[in-house]
Amino acid sequence: MVTGEIKNKVDRIWETFWTGGITNPLSVIEQITYLLFIRGLDDVETKREKEASVLRVPHKTVFPKDKQHLRWSKFKSFEAERMYKVVSDEVFPFIKSLHGDRDSAYSKYMSDAIFIIPTPLLLEKVVTGLSELTMDDRDTKGDLYEYLLSKISQSGTNGQFRTPRHIIRMMVELLRPTPDDIICDPAAGTAGFLVAAGEYLRERHGDLFLDAWKKDYFNNRMFHGFDMDRTMLRIGAMNMMLHDIENPNIEYRDSLSETNTHTNKYTLVMTNPPFKVSLDYEGCQPTF
């Protein structure tokens, strides 16, 4: 659970964005998503370094020797102008280049990331604020991101809105997903239904993680989400990965299109469709 102290820190970061001129809630969350991803890469590298030190074996590096200054733990202490130049000119191109790195599931969702933080001072304040957040375990990371998503309080331009968490939880408990299901949300948005299904399985079927095949299935093939907004795809993917679903199948797709041939593929479908959506009726699948 996110404590009052953490909420206050997140609120201050949010206010920093607004006073710095970035007022669209989705844009704020998107920029925070990128920065959390960058911090996450450094966390992965640090974990690998510690394990390699204990086992005395080489480890697969995220950051080559000549890219060590791109790590969060390095640039967070730079003065504002230098930090801004490193992040905008080097870090963002670097995370885009990770798209071909099959070892990093995050990277494919960051390939078209755009850095829009306008000033060095704003970036320095945001990086300092995010560095103060504790993200040591899955529950803390997931709850923190859920709190960020709760700030999307107004409908999007195409009828998007966030389904309240308690409603999602109720629907998941009624549907009772199993470790054998193939779960799909055809209007995934922030992936709230898929995250809740994953949490339900952790609580009710925790023994699945003791079976190597079932654990791999959970992380790589169980969850599928579609959306037509690339910002929401990135936010939804990050939401799932911060809840330790390692490689979610979050894809750009018009679920109503007549070209959609993925019928009878999923055993469980849960969604809250956008009721105000602008619809291309001629291109819709006539039957389901």
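The values are calculated or read from the model by the stated rules, or taken from the named source; none is laboratory data. These figures come from a predicted structure and were not determined experimentally. For neighbour counting, all protein chains shown are included, and Cβ atoms are generated from backbone atoms with ideal geometry for every residue, glycine included.
Before moving on, here are some points about what is shown:
- Answer from Val91, Val127, Val62 - the residue that is touching a residue at least 40 places away in the same chain (Cβ under 8 Å), in a helix (DSSP H, G or I) and touching a Leu at 6+ places or on another chain (Cβ under 6 Å): Val91
- Residue list for segment 29-49, filter: crowded, with 19+ Cβ neighbours inside 10 Å and of a type in the set (A, V, I, L, M): Ile29, Ile32, Leu35, Leu36, Ile38, Leu41
- Where a residue in segment 139-157 is surrounded by 14 or more Cβ atoms within 10 Å (Cβ to Cβ) and its partner, wherever it lies, is modelled with pLDDT under 70 and outside any helix (DSSP H, G or I), with Cβ under 7 Å and at least six apart: Asp143/Met1; Asp143/Val2; Leu144/Val2; Tyr147/Val2; Leu149/Arg162; Ile152/Arg162
- Given (1) out of contact with any Pro (no Cβ under 8 Å at 6 or more places or on another chain); (2) part of a helix (DSSP H, G or I); (3) small (Gly, Ala, Ser); (4) without any contact (Cβ under 8 Å) to a residue 24 or more places away in the chain, number of the condition Ser77 does not satisfy: (2)
- Qualifying residue in segment 77-88 (condition: at pLDDT 75 or above and under 22 Å from Met241 (Cβ atoms)): yes
- For segment 18-39, residues that are farther than 20 Å from Thr134 by Cα and of a type outside the set (Val, Ile, Thr) total 7.
- If you go through segment 20-66 and keep only what is among the charged types (D, E, K, R) and over 23 Å from Val10 (Cβ atoms), you end up with Glu45, Lys47, Arg48, Glu49, Lys50, Glu51, Arg56, Lys60, Lys65, Asp66.
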